[in-house]
Amino acid sequence: MLANQTHRASDTPTVIDLFAGTGGLSGAVQSDLDIKKTYIDFDDIPVNPDWAFDSIRSVEQLTHGYHRYPAKFLPNVVKKIIEDHSPANCNVIADLFAGCGTTLVEAKVHGKRSIGTDINPVAQLITRVKTTPIIPETLQLSYENLIAQFDEFNEANYSDIQKHERLDYWFKPQEKSKIAFLFDIVHELIAEDFTKEFFYVCISHILKNCSRWLQSSTKPQVDPNKNIPDPFDEFKRHCQKMMKSNEEFYNDLNKKGYLDVPCDILLKDARKTQLKSESVDMIITSPPYVTSYEYADIHQLTAYWMEYVSSMSEFRKQFIGTSYSGNTSLEVRGSEQAQDIVYALAQKSKHIAQDVAQYFNDMQDVATEMARILVPDGHACIVIGNTKIKDVDIKSAEVFYEFLKNSGLHRIEVIKRSIPHKLMPTLRDVKTGKFTKLDNPNCKKVYPNEYILIMKK
Ligand SMILES: C[S@@+](CC[C@H](N)C(=O)[O-])C[C@H]1O[C@@H](n2cnc3c(N)ncnc32)[C@H](O)[C@@H]1O
């Protein structure tokens, strides 16, 4: 029996059979001497249909469609959290895993000041641009100025450019030189920093399309037969889409008088944000899943072009949930349930169990940090899903809930919502634990549901 199997959904823990002191390791013989362990379990919480949003046609309203970003929030979920679960007198909303800034964009359209932290400079760039409305006419002029330069492009001037060696792996010479030209003209011709960054985000988004990266994959994988589109065409196409979205965003904020509502996005670690204690009224966030997405690798094209990183191995280690944590211990602080999950996993793979132990310890630190920065009576709203790795249930939602409670927060509500399949990979390879496709015989469905923990300080 798995260490974390229980059969009731409630705050009142259920009793499960487990040999005390083994931490769930196999070989334990059940006996009358067994001490019963109690765990939190959300399994039986019914799915709340009000949070499904399965009939929505687009997740790309306003600036939400500027850049692809794995596991980004559904804007409607954030909108509903703000509208239904803000504490009284809510002025400042924070997202400690801001990603591409969904929370910050939604905070701004609701007239709330927001602060985001993320360890990924690519996320920081995207969020800054998505939360910065630009006068549409100014943008149009800059765009026309840029594309007028395309006729000046001379490939010979770019035959010998010195960029990170990995870019030669991902890009063929023709596309590489055109992309270098795009970066150059934006750098040289656009004076204003926010407008410059708008175009950098546009280039960042098209990098994958214009490289040998397999289009359907978030993982770094070469497609040897890829029909690579022309970078200038891609730039024009995506810029036009972004300009239309900017106009919608600008007009919406202008109409509401929210154009100047502040949004700050900081390159900080969620475990130690350096935000002031009791400075945030509400946290809306969604932590990374464990050993699922390697955000450092996923954004490497932009990271190398923008020269944000030189060593991928050092960069990766800062990300919570990475499978490159380098942790060599199985110890977990602050949750027996988490400890038992790690021990159960250790029987299947010690290396993965060590990464999961690191993940839980990191998340314990994040919970402490959240409690520190929230004002008294402030709310923390956490969107988090469970998963299964090597057939072991990784109950991240229950464990994080326990960490939040240990940090002094109280439950208001735990909502279960179903995740529309088109938005989230729901298949995992049972052998490797990695996301996979339907045609893989080892595939298994994972986290079709997720939880929204609504907590109060
Ligand atoms: C699930 S994504 C968040 C997506 C976000 N809700 C959105 O809508 O775009 C998790 C984020 O956590 C970030 N992250 C990972 N480790 C971090 C750390 N130590 N501190 C801050 N952010 C981190 C990743 O870069 C990633 O952007």
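The values are calculated or read from the model by the stated rules, or taken from the named source; none is laboratory data. Keep in mind that this is a model prediction, so the values were computed, not measured. Cβ: placed from backbone, ideal geometry, glycine included. Neighbour counts: every protein chain shown.
Annotations
- Residue within the range 376-397 that is part of a helix (DSSP H, G or I) and either surrounded by fewer than 23 Cβ atoms within 10 Å (Cβ to Cβ) or not small (G, A, S) (or both) present: no
- Output for the range 274-292, where each listed residue is on the phi < 0 side of the Ramachandran plot and away from the ligand (no atom under 14 Å from the Cβ): K276, S277, S279, V280, D281, M282
- Scope the range 159-177; condition in contact with a Phe, Trp or Tyr (Cβ under 6 Å, 6 or more places away or on another chain) and of a type outside the set (G, A, S); matching residues: H164, R166, L167
- Single match in K176, K208, K196 (criterion: among the basic types (K, R), crowded, with 18+ Cβ neighbours inside 10 Å and without any contact (Cβ under 8 Å) to a residue 40 or more places away in the chain): K176
- Condition met for E165 (acidic (D, E), at pLDDT below 95 and surrounded by fewer than 15 Cβ atoms within 10 Å (Cβ to Cβ)): yes
- For the range 49-101, residues that are on the phi > 0 side of the Ramachandran plot and either within 14 Å of the ligand (Cβ to nearest atom) or buried (at least 20 other Cβ atoms within 10 Å of the Cβ) (or both) total 4.
- So P220, is it closer than 18 Å to F97 by Cβ, of a type outside the set (D, E, K, R) and either under 22 Å from the mean Cα position of the chain (by Cα) or within 12 Å of the ligand (Cβ to nearest atom) (or both): no
- From the options N246, N254, residue that is surrounded by 14 or more Cβ atoms within 10 Å (Cβ to Cβ) and not hydrophobic (A, V, I, L, M, F, W, C): N246
- Top-ranked residue of the range 293-303 - restricted to ones that are within 11 Å of the chain's Cα centre (by Cα) and in a loop (DSSP other than H, G, I, E, B), ranked as farthest from the ligand (Cβ to nearest atom): E294
- Every residue from the range 313-323 that is farther than 18 Å from G385 by Cβ, within 14 Å of the ligand (Cβ to nearest atom) and surrounded by fewer than 21 Cβ atoms within 10 Å (Cβ to Cβ): E314, R316, K317, Q318
- Leading residue by the ranking (farthest from M306 (Cα to Cα)) among those in the range 106-122 that are within 12 Å of the ligand (Cβ to nearest atom) and surrounded by fewer than 24 Cβ atoms within 10 Å (Cβ to Cβ): I119
- Output for the range 248-273, where each listed residue is of a type in the set (A, V, I, L, M, F, W, C), within 20 Å of P121 (Cα to Cα) and either in a loop (DSSP other than H, G, I, E, B) or more than 16 Å from the ligand (Cβ to nearest atom) (or both): L267, A270
- The residues listed here are Q364, Q358, Q339, Q354; of these, the one that is closer than 28 Å to K317 by Cβ, assigned to a helix (DSSP H, G or I) and over 24 Å from the mean Cα position of the chain (by Cα) is Q339.
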